[in-house]
Amino acid sequence: MSVDTVEPQGGDVNPPDAAQPAPTHGRMPGALAWVANRLGMEELMEDQYNRIVPIHATNYIYCFGGIAFILFLILVVTGILLVVYYQPTPDAAYQSVVNISTNVAFGWWVRSIHKWAATGMVILVFVHLLRVFFTSAYKRPRELNWISGVVLLMVTMAFGFTGYLLPWDQKAYWATRVGTDIAGSTPFIGHFLLVSLRGGENITGATLGRFFTLHVLVLPVVIVVFLGAHFWMIRRHGISGRL
Amino acid sequence: MTRGGFLKWLIGALGAVALGGIVYPVVRFLKPPPASTAAIGQVVNIGPVSSFPAGQLTAATVGGRPVIVTNVAGKIVVYSAICTHLGCIAAPSGTELHCPCHGSVYSATGTVVHGPATLPLPFYSAKVSGGSVLVGPVTFTRASYPTWYKGQFA
């Protein structure tokens, strides 16, 4: 199969017949079709349904970005649940985390999923980067996809770094101490970065407050904006060709 | 039932099970856990004196928190089994208490035999009344117990 020919991969790949009613009716249950019709989403959805995934892109190595996104969705849900009980103050933070893990029903479950999904997301984002690099998928016209992807990698790491402090235990304290010391070694602006991250010269309740704000308010907005751009450009340019 | 109908039903049933497996824990999670069974200051009856043999370290619980009960010639002394190092639960081993996490050892009176723990185990007030051991609030004799440790008893 050459790059130019496309084989049917299942699903409706025939061009829609203008004389026929929009075929979304057959695909959606009545109530959903009713909502889609009122919102005028039928054409939009039809466009999505009729996109053909090239056979080379059905290889599992093309799934890493999608898996990372699924992990992100899991992190959003479990994160919202955790913040119900978490208290971002130096006196209460550790106790509230212990409370989640020991007293709250399924708290250990939610917290473990959040922790492991976070670990998995960092790994999957990086593996996705490797796939894109080795399949040359970053080349024209997908340069901005690569750049937004690098930003997303950085945001993922920032999520991990800020989230690591929140349990407020010894490991969290020293990891943040080391991490912010590294930021502090930046030429010229190092000291500004260090005190901005810590909210002072030392790691205190101010640091915890800042990291908590970054973790649950700032970074989620940033990642949603960049994910939107990332996905929009995939739709616009399609999946890159075969090697 | 047609084959297609059965498969649709099967997919629906499996989907409902999968959804239930998510919704049930989430609903349980959102329901606030009951407050600790014994607040500080409440007196708890932990059983008859005869269940704490003399010259022996006995593990028990007060309001869900692990304690060690010692009976020295009829005098009952109760102290917390929560290690002052990082909050693991020390267990009786002969005439000593051994913490399984980092190897802190406490004597039969709750003082540190060797570290990493530096602070002794805090005592609960305890008395024998009508043949039963009544345990009251814990007291921190030193100011240096860290906040997280005191939080174990809040």
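A few comments on the model shown:
- Annotation: for a label point projected 7 angstrom from Cα along Cα→Cβ of A:Phe231, residues of the stretch A:36-61 with backbone N closer than 15 Å are A:45, A:48-49.
- Table column - 3J(HN,Hα) (Hz), the stretch A:70-78, Karplus curve with 6.51, -1.76, 1.60, x for Gly and Pro: 4, 4, 4, 4, 4, 5, 4, 5, 5
- Contact order, relative form, for the stretch B:6-112: 14 percent (alpha carbon pairs under 8 Å, 6 or more residues apart, mean separation divided by residue count).
- Here's the list of lysines a cross-link from A:Lys171 could span, going by alpha-carbon distance under 26 Å and ignoring same-chain residues fewer than 8 apart: A:Lys115, B:Lys150.
- Förster-model FRET efficiency, 35 Å R0, B:Gln56 and A:Trp174, C-beta, rounded to 0.05: 0.30
- Gyration tensor over the Cα atoms of chain B: the corresponding equivalent ellipsoid has semi-axes (square roots of 5 times the eigenvalues, largest first) of 46, 19, 16 Å.
- Residues B:Tyr24, B:Tyr149 in ascending order of nearby Cβ atoms (within 10 Å, fewest first): B:Tyr24, B:Tyr149.
- Neighbour-count ranking [beta-carbon atoms within 10 angstrom, fewest first] of A:Met41, A:Met121, A:Met154: A:Met154, A:Met41, A:Met121
- For chain B, a simple Cβ point-charge model (Lys and Arg +1, Asp and Glu -1, everything else neutral) yields a dipole of about 500 debye relative to the Cα centre.
- Dipole of the stretch A:42-163 [Lys/Arg +1, Asp/Glu -1 at C-beta], most positive-end residue of A:Ile100, A:Thr162, A:Leu75: A:Thr162
- Unit charges at the beta carbon, dipole of the protein assembly as shown: most positive-side option, A:His215, B:Cys99, A:Leu153: B:Cys99
- All Cα-Cα distances of the protein assembly as shown, cut into 10 Å bins from zero to the largest, leave 4, 15, 20, 20, 15, 11, 8, 5, 1, 0 percent in each bin in turn.
- In a fully extended conformation the segment linking A:Val150 and A:Ile55 would gain 31.5 nm over its present Cα-Cα distance, using 0.36 nm per residue.
- Placing R0 at 22 angstrom, the Cβ-Cβ distance between B:Glu96 and B:Val128 gives a FRET efficiency of 0.35 after rounding to 0.05.
- The packing ranking, built from the mean of other Cβ atoms within 10 Å per residue, places the peptides B:109-119, A:106-116 in the order A:106-116, B:109-119, highest first.
- Between the stretch B:116-154 and the stretch A:51-96, the Cα center-to-center distance that results, in Å: 42
- Size of charge dipole - the stretch A:55-237 - debye, nearest 20, with Cβ of Lys, Arg +1 and Asp, Glu -1, no other charges: 600
- With a Förster radius of 56 Å applied to the beta-carbon distance between A:Leu243 and B:Ala13, the computed FRET efficiency rounds to 0.85.
- Over the stretch A:55-237, equivalent-ellipsoid semi-axes from the Cα gyration tensor in Å: 32, 22, 13
- Among the residues of B:24-33, the average count of other protein chain beta-carbon atoms within 10 Å of the residue beta-carbon is 6.
- Charged side chains reduced to their Cβ positions (Lys and Arg at +1, Asp and Glu at -1) give the protein assembly as shown a dipole of some 540 debye around its Cα centre.
- Potential lengthening of the chain between A:Ala92 and A:Val221 amounts to 43.8 nm, from the contour at 0.36 nm per residue minus the alpha-carbon distance.
- A:Leu39 paired with B:Val26, simple spin-label distance in nm, labels 7 Å along Cα-to-beta-carbon: 1.7
Rule-based calculations on the coordinates, nothing more; no lab input. Computed from a predicted model, the values in this text were never measured in an experiment. For neighbour counting, all protein chains shown are included, and Cβ atoms are generated from backbone atoms with ideal geometry for every residue, glycine included.
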